[in-house]
Amino acid sequence: MNRRTTALMAAAVLGSVALVSGCSDEGKPVSFDDPGTSSTPAPKGSGGTGSGQDKGQNQKTSEVASKTLLPTGPKAQFTTQNTLEDGTKIGVTTLHGKKSGFTGKVWVWAPKQYFDPKYAQSGFPVLIALPGGNGYPKNYWMGTDLKLQSSITEWSKQGKSVPFVVVMPVLNPDAKYYYDGSDIPGRPKMGTWMTEDVPDFVKANFRTFKSRDGWAFMGSSSGGFVGLKSVLKRPDQFKAVIASGPDTVPDSPLWAGHEAEKQANNPEKLAQDLIDKKGPEVDLAFQIGTKEGGMANLNGFIAKYGKGPVKTHLQVIQGGKHNAHTYIKGMGDGTMQWISSKLQAPIPSS
C-alpha cells in the first residue's frame, strides 16, 4: 500500500482523531517528576527486617541501579494537553533538536506506575508512537479518543502490556511531503530527529533503561514504515516495533536523485544486512486489517526476511481497515502482549 496513494483515505478516516477535546487544565504546566501529576500513588509495600530479606532487597536495588538511567537533564517545560480518567496527564513541549537542527512538538504520557513509590528508582520502557499520514502539525496519538494511553493502562493491569512511557513526536516537518523518517539530502534531518534527538529528550526527562530492551516504536501507515525502518537501521538502540499497515520500502518523492541514500533507508535492505551480520536480534510485530490492501506485501516481507535475528509476528485483524481504531484493536488482541514479552519491564525496588 503506497502511502502517497492512501494519504487521502487515511486522512478521511483519521482526520477527526487529530482534533483533541479540551480539558479543564489544558495549557497549564505539568511535571513528570511530581507525584501530583497522577492520582494518589500506591502505598509502599511492607518489607521484612530479617537479614535474608535485607540481602535480597540489596540485590534488587543493585539490579535496578544497574539497568536504570536516571533523567540526565536539562528538564523540558511541559504543558497539559489532556487528562485521563485516572488523573495521568498527556503533556506537550517543543523540542529543539541539537543533532538534527529540527524543531518540533513532542507529546508525552507516563503511566500511573511511573509515580508509584515502589518504582521510584526504576527505569520505564519507552514506546515512540507515530501517526499515519503526514503527522504534522499534530500527532493524533496524543488525543484521548483513540484510547492508546488508557488501553495501555488496562492492558498493563491484565498483564498484557508493560507500562510504557509513550512519546509522540511530529512525524514530518510539514504537511506537504513524506520524509520517510530519514535524512534525505538537502532536507530536514528527520532520521536524526527521530532516532537521536527524540531519545535524547526522553532520557533527559524520564527514568529510562540503559539497554535497548527498553526502547520500541509503534506506528500506523507512514508511521509504521518509519518505526520499522528506525529499528532495522538502529538495532543497537531500539529492540522492537509494532508496524501497522506499513510500506516496506521508502517512497518519498524527495529521494529523487539520491538512490544510494534511499537504499540505505530501505527496510528490506536493512533486514537483509541484519541477517547477514547475524544480529543483533530485533522483534518486528506487523498488523494489518482484512479490509485493507498490502497483505501479500507483508506476507512476502515476513517470508523473505523473518529469519535469523529478525523475529516477526503478524496480527491479522478481522474486518479491520487502514485506520488507527483497527490497530488499537489488534494491539489488544495479542500484538501488545507479544511485543511486551520482548522488552524490559519496570523493576520494583520494594
Which three extents, in whole angstrom, do the alpha-carbon atoms of region 239-326 cover along their principal axes, largest first?
38, 32, 21
Among 156-163, 121-128, 70-77, what's the highest-first ranking by average C-beta atoms within 10 angstrom per residue?
121-128, 156-163, 70-77
Dipole in debye (nearest 20) - region 135-207, about Cα centre, beta carbon charges: Lys, Arg +1; Asp, Glu -1:
240 debye
Using only the alpha-carbon atoms, how far is helix 295-305 inclined from the longest principal axis of the chain? Give it as 0 to 90 degrees, nearest 10.
70 degrees
List the residues, sorted by chain then number, that are 5 or more residues from Thr103 or on another chain and whose placed amide H is less than 5 Å from its amide H.
Gly97
On a 0 to 90 degree scale, rounded to 10, what angle separates helix 267-277 from the longest Cα axis of the chain?
60 degrees
With a 10 Å cut-off between alpha carbons and a GNM built on the chain, which of Trp193, Trp255, Trp107 moves the most?
Trp255
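Express the relative contact order of the chain as a whole percentage, based on alpha carbon pairs under 8 Å and six or more residues apart in sequence.
Details: 770 pairs, mean separation 66.9, N = 350.
Reported as a whole number, the value is 19 percent.
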Under the rule of at least 5 residues apart or a separate chain, name every residue whose amide H is placed under 5 Å from the amide H of Ile317.
Ile288, Gly289, Thr290
Of Lys147/Lys176; Lys105/Lys176; Lys28/Lys112, which sit over 21 Å apart, Cα to Cα?
Lys147/Lys176
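Give the peptides 172-178, 337-343 in descending order of average Cβ contacts within 10 Å, highest first.
With the highest mean Cβ count within 10 Å placed first, the list reads 337-343, 172-178.
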Could you pull out every one of the aspartates and glutamates with an alpha carbon less than 13 Å from that of Lys210, ignoring same-chain neighbours closer than 8 positions?
Glu63, Asp200, Asp236
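Dipole size in debye (nearest 20) for region 171-268 around its Cα centre, Lys and Arg Cβ +1, Asp and Glu Cβ -1? Walk me through the numbers on the way to the answer.
Working: 12 positive and 13 negative charges, 78 e Å.
Once rounded to the nearest 20, the dipole reads 380 debye.
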Which listed pairs, of Lys321/Lys342; Lys138/Lys189; Lys67/Lys269, have C-alpha distances above 24 Å, in listed order:
Lys321/Lys342; Lys67/Lys269
Can you give me the long-range amide H partners of Val30? Hydrogens built in the peptide plane at 1.01 Å from N, cutoff under 5 Å, separation of 5 or more residues or another chain.
Phe78, Thr79, Thr80
Would you mind checking the tilt of helix 51-67 against the longest principal axis of the Cα atoms of the chain, expressed as 0 to 90 degrees and rounded to 10?
30 degrees
Just how large is the dipole of region 66-154 about the Cα centre, in debye to the nearest 20, putting +1 at every Lys and Arg Cβ and -1 at every Asp and Glu Cβ?
420 debye
Using the Karplus curve 6.51 cos²θ - 1.76 cosθ + 1.60 with θ = phi - 60°, work out ³J(HN,Hα) for each residue of region 134-149 in order, rounded to whole Hz, and write x for Gly and Pro.
7, x, 8, x, 10, 9, 5, 5, 7, x, 8, 6, 7, 6, 4, 5
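No value in this document is a laboratory result; all are computed from the given coordinates. Model, not experiment: these values are computed from the prediction. Backbone-built Cβ (ideal geometry, glycine too); neighbour counts: all protein chains shown.
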